[in-house]
1. Are any residues in the range 1-34 surrounded by fewer than 12 Cβ atoms within 10 Å (Cβ to Cβ) and either outside any helix (DSSP H, G or I) or touching a strand residue (DSSP E or B) at 6+ places or on another chain (Cβ under 9 Å) (or both), and if so, which ones?
2. Which condition breaks for VAL97 when tested against (1) at pLDDT below 85; (2) in contact with a Gly (Cβ under 7 Å, 6 or more places away or on another chain)?
3. Restricting attention to the range 123-135, does a residue exist that is within 18 Å of ILE54 (Cβ to Cβ), touching a residue at least 12 places away in the same chain (Cβ under 8 Å) and either in contact with a Gly (Cβ under 8 Å, 6 or more places away or on another chain) or outside any helix (DSSP H, G or I) (or both)?
4. Are any of the residues in the range 174-185 within 30 Å of ALA58 (Cβ to Cβ) and of a type outside the set (Ser, Thr, Tyr)?
5. When the residues of the range 1-42 are narrowed to those that are among the small types (Gly, Ala, Ser) and closer than 13 Å to ALA154 by Cβ, which ends up modelled with the highest pLDDT?
6. What are the residues in the range 77-87 that are in contact (Cβ under 8 Å) with a residue 40 or more places away in the chain and not β-branched (Val, Ile, Thr), if any?
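The values are calculated or read from the model by the stated rules, or taken from the named source; none is laboratory data. The model shown is predicted, which means the values in this text are computed figures rather than measured ones. Reconstructed Cβ throughout: ideal geometry from the backbone, glycine too, with neighbour counts over all protein chains shown.
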Amino acid sequence: MFWLIVSVLLWGFLHSLFASLQFKAFARRVFGPSVDRFYRLAYNIFAGVSFLPILVIAALTPDRRLYLVPFPWIALLIVGELLGIVVLVASFSQTDVWDLLGLRQLSGQEAKPPPKLVTGGLYRYVRHPLYSAGMAFVWLMPLMTVNVLVINIALTIYVVVGAYFEERKLRGMFGQEYVDYMAVTPMFIPFLKGGRR
């Protein structure tokens, strides 16, 4: 269990470090401005590949089942997970997917300047629909084990902390427009009153 917790924390730390503006500036100083073309794609590949050892460690760590949701309630959880996937796809469709994946930069195209704050569609209900859908998907698993619980808790903490830093960056980019958006739109849970004021 110890190594599973350490591996998830290490993954979260490295993922956050490489996403930071300071590390991107460092990479630009070391490799030159051309690194911008490859950075986002390399970051995404690293994030995915570096999560695989966590899954291996989880598979090798002794585990214990906490619960298995019985029928017919399992159907509700599966429907919830499917809705989470639909929300993920819909959220991606509201963003510049090619830029998010790093393929626009790789082709030499620039992201559309100036950036525009998206507040419609799913972003009307929550500020981070991608994160909300991802968390719904992992927490609605009908089978919960100790190892899955550890990973879910770690990922949830990572998402909350990551969203906090992302919002700092967005406030810097959009200023009062984003502050006003935060005041009326919940962070993760739709229809929950009390956006940040």
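1. Of everything in the range 1-34, just one residue is surrounded by fewer than 12 Cβ atoms within 10 Å (Cβ to Cβ) and either outside any helix (DSSP H, G or I) or touching a strand residue (DSSP E or B) at 6+ places or on another chain (Cβ under 9 Å) (or both), namely GLY32.
2. For VAL97, the failing item is (2).
3. Taking the range 123-135 as the starting set, the residues that turn out to be within 18 Å of ILE54 (Cβ to Cβ) are 134-135.
When the remaining residues are screened for being touching a residue at least 12 places away in the same chain (Cβ under 8 Å), the result is 134-135.
Checking which are either in contact with a Gly (Cβ under 8 Å, 6 or more places away or on another chain) or outside any helix (DSSP H, G or I) (or both) leaves us with 134.
So far as the range 123-135 goes, yes, one or more of its residues are within 18 Å of ILE54 (Cβ to Cβ), touching a residue at least 12 places away in the same chain (Cβ under 8 Å) and either in contact with a Gly (Cβ under 8 Å, 6 or more places away or on another chain) or outside any helix (DSSP H, G or I) (or both).
4. Scanning the range 174-185, I find no residue that is within 30 Å of ALA58 (Cβ to Cβ) and of a type outside the set (Ser, Thr, Tyr), so the answer is no.
5. Within the range 1-42, the subset among the small types (Gly, Ala, Ser) is 7, 12, 16, 19-20, 25, 27, 32, 34, 42.
Checking the rest, the ones that are also closer than 13 Å to ALA154 by Cβ come to 7, 12, 16.
Numbers: SER7: 90, GLY12: 84, SER16: 82.
So, considering only residues that are among the small types (Gly, Ala, Ser) and closer than 13 Å to ALA154 by Cβ, the one modelled with the highest pLDDT is SER7.
6. Once the filter is applied, which keeps residues that are in contact (Cβ under 8 Å) with a residue 40 or more places away in the chain and not β-branched (Val, Ile, Thr), the range 77-87 yields LEU77, GLY80, GLU81, LEU83, GLY84.
Residue by residue, here is whether (1) assigned to a loop (DSSP other than H, G, I, E, B); (2) free of Cβ contacts under 8 Å to residues at least 24 places away in the same chain; (3) within 30 Å of VAL179 (Cα to Cα) holds:
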site: ASP36; (1), (2), (3): no, no, yes
site: TYR39; (1), (2), (3): no, no, yes
site: ILE45; (1), (2), (3): no, yes, no
site: GLY48; (1), (2), (3): no, yes, no
site: PRO70; (1), (2), (3): yes, yes, no
site: ALA75; (1), (2), (3): no, yes, no
site: VAL89; (1), (2), (3): no, yes, yes
site: ARG104; (1), (2), (3): no, yes, yes
